[in-house]
Amino acid sequence: MMNAKHDHELEKLKQEMRRGVIVLAAMSQLTQEQYGYSLIKTLNEKGFEIGQDTLYPLLRRLEEQNLLESEWRVEDPRPRRYYRLNDNGKEMLQQLSENWRSQVEIIRRLLNETK
Amino acid sequence: MKLNKDAKELLERYLYAVKKELSGKQRDDIVAEIESYLYDLLEERYPKNADVDEKELEAVLKEMGSPRKVAAQYSPNQYLIGPRLFPLYKIVLKIMLLVVLGALTLSMIISNIVEFSGSVWQVMLEYLGTLWSGGLSVVGVITLIFAIIERTTEGKNIEEIEELKELKISELPELPEKEKEISRIGVSLEILLGIIGMVFFIYIQKTGGLVPYWRNDGGSSEMVRLFTENFIQLIPFSLALTGLGVTRNITLLVQGYHNALTNWWDAALKIADSILLVFLISSLPLFTLDLFRVLEETSVLAQYEVQANTGLGVLMGLGIFGNIVELIKQIGREIRNPSL
């Protein structure tokens, strides 16, 4: 019983930590054009698990925030929607990456203290 | 990979259901993208020339989840009133409930002064019914208004909310220990007022509601009626309650702080006061303006006797309402943080 509760809390905290990083992960793979399914596959292959239920709404949000551009293109055999970062998005990715690296460094130092 | 006829129909039904759950301009676009994703997924799972039947498609759709779940991911507002507006909503709701319930109480009192139906139970039941439906309407209307504000001001700063975030020292509540302290000057004043009140009640009782006045001509005094018989009948109760209030204040002054005894004593007095006020209201008129008639036969002021009595009734009604509000707060405080 105690273990089940612990696992549940762990899962919740892990999800909370991941939530902020998903944007960075998705943007990092969009410097080159990709369609939704290929982006999910790329991310999963590189170890970042993500489903369509999270990714597609996120892509729409990023486009609304003017970080992405997208277009439907009919290629064999069916139409697909392709996404890529625009200039604004590229600059944002650059800034977010810098911020991420400094956060990682700070957390690394904090965690070393607890060893 | 090719969908057979049944599978194709199932897919169309699924996408149609997702579309129905979505709103806004982008719904067709969202559905097209989900369709594209499903084909990509199926293509990867089944060889190029395979026929996909209903069962196989069903397994894939099960992984996606219900149309409602899929559509929900695209809807930003899955709440009526969000955390941004909620504190303001709570404050407005509290104030409006107090105002409306107060107004309903007042109108109940006034309409019973004007025309009392004769059955206290009927009046009370009707009153409770009005409170319930009035309260529900307030909650409904305020919630509706805030739900609209939530959707029309998304992402904008609302001044009232920014103000709520600012620290105002004067609005911080006193610590519970501090609440127990008494103001000696305040309590002494209350005792003094109580004693003056008691002397006044005893005097009026003795004179039978008459007060003296002095004629302009030579200083000879005569008595004139100010209070009605109705009022005099209730004087013993008024006297008793004022006496109990004074005793409580003296107890406070002696022990120097509020405790459970003085707090519950106060609560009991508030209930008793409210009951006395109800009796006073139902005994209107309580005073006459004969005094003015004696001074000047055609006095204008004396004509307003009925209005003046009704005004007093309204004030007493407000008193009852104030008592009830205070009582609820006090009991709530006592339950959360019992005094010793």
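Brief remarks follow.
- Distance cut-off 17 Å, percentage of C-alpha pairs in the stretch B:232-273 lying past it: 31 percent
- Sorted largest first, extent of the stretch B:78-156 alpha carbons per principal axis (Å): 56, 19, 16
- Distance from the stretch A:58-115 to the stretch B:60-126 (C-alpha centre basis), Å: 42 Å
- Within chain A, helices built from complete DSSP H runs that reach 30 Å or longer along their own axis (Cα positions) and carry a mean Kyte-Doolittle hydropathy of -1.0 or higher are A:2-28.
- Residues listed by number, the stretch B:41-75, amide nitrogen under 19 Å from B:R151 label point at 7 Å toward C-beta: B:71-75
- Zone residues, the stretch A:1-25, relative to A:L111, backbone N less than 14 Å from point 7 Å out along Cα-to-Cβ: A:14, A:17-18
- Average Cα contact separation per residue, chain A, under 8 Å, 6 or more apart, as relative contact order %: 24 percent
- Antiparallel bridge percentage (DSSP; both residues within chain B; nearest 5): 80 percent
- Charged side chains reduced to their Cβ positions (Lys and Arg at +1, Asp and Glu at -1) give chain B a dipole of some 520 debye around its Cα centre.
- Considering only B:A268, B:G317, B:L291, and ranking their Cα positions along the charge dipole of the stretch B:206-328 that arises from unit charges at the beta-carbon of Lys, Arg, Asp and Glu, the one farthest toward the positive end is B:A268.
- Relative contact order (%) - criterion: Cα under 8 Å, at least six apart; region: chain B: 15 percent
- Charge dipole magnitude, Cβ of K and R +1, D and E -1 - the stretch A:45-115, Cα centre, debye nearest 20: 200 debye
- Furthest towards positive pole of dipole, B:S220, B:V99, B:L252, structure part chain B, Cβ charges: B:L252
- Scattering profile of chain A at q = 0.10, 0.17, 0.19 Å⁻¹ [log10 I(q)/I(0), Debye over alpha-carbon scatterers]: -0.40, -0.93, -1.07
- Each of A:S102, A:Q34, A:Q65 was placed along the dipole of chain A (beta-carbon charges, centred on the mean Cα), and the one lying farthest toward the positive end is A:S102.
- Under a 5 Å amide H cut-off, with hydrogens placed 1.01 Å from N, B:V224 pairs with B:V211, B:Y213 among residues at least 5 apart or on other chains.
- Working value for the stretch B:213-340: equivalent-ellipsoid semi-axes of 39, 18, 11 Å, each the square root of 5 times a Cα gyration tensor eigenvalue, largest first.
- Span-like helix criteria (full DSSP H runs; alpha carbon extent of at least 20 Å along the helix axis; mean Kyte-Doolittle hydropathy of at least 1.6) are satisfied in chain B by B:86-114.
- Average beta carbon contacts from partner chains per residue of A:58-71, 10 Å cutoff: 1
- Put simply, the amide H of A:N86, placed in the peptide plane, has neighbours under 5 Å in A:L68, A:E69, leaving out anything fewer than 5 places away on its chain.
- Structure remark: mean-square fluctuation, Gaussian network model of chain B, C-alpha springs under 10 Å; the largest value among B:R151, B:R248, B:R27 belongs to B:R27.
- Residue list for the stretch B:278-313, given a label point 7 angstrom along the Cα-to-Cβ vector of B:T207 and an amide N cut-off under 19 Å: B:286-296, B:302
- Normalised by 2.2 N^0.38 Å, where N is the number of residues, the alpha-carbon radius of gyration of the protein assembly as shown equals 1.66.
- Residues of chain B were split at every exposed loop site, defined as GluC sites (Glu not before Pro) in a DSSP loop with at most 14 other C-beta atoms within 10 angstrom, and the longest piece left, sites excluded, is B:175-295.
- Over 20 Å between alpha carbons, listed pairs B:K19/B:K156; B:K20/B:K55; B:K8/B:K48: B:K19/B:K156; B:K20/B:K55
- Hull volume in cubic angstrom per residue (convex hull over the Cα atoms of the stretch B:83-220): 299 Å³
- Computed over the stretch A:44-104, the percent of Cα pairs more than 20 Å apart is 45.
- An oblate overall shape is assigned to the stretch B:136-177, the ratio a/c of its alpha-carbon gyration tensor axes (a ≥ b ≥ c) being 1.5 or greater and a/b not exceeding b/c.
- Set of lysines near B:K90 by C-alpha distance (under 19 Å), chain-local residues within fewer than 8 positions excluded: B:K165, B:K168, B:K329
- For the protein assembly as shown, a simple Cβ point-charge model (Lys and Arg +1, Asp and Glu -1, everything else neutral) yields a dipole of about 800 debye relative to the Cα centre.
- R0 of 30 Å, Cβ-Cβ distance B:L98-B:S188: FRET efficiency to nearest 0.05: 0.45
- Relative frequency of Cα-Cα separations exceeding 39 Å in chain B, percent: 49 percent
- Sites B:D51 and A:E45, calculated FRET efficiency, Cβ-Cβ separation with R0 30 Å, nearest 0.05: 0.55
Taken together, the values in this text are just the output of simple stated rules run on the coordinates, not laboratory data. From a predicted model like this one, the values you see are computed outputs, not experimental measurements. Cβ sites come from the backbone with ideal geometry, for glycine too, and all protein chains shown count toward neighbours.
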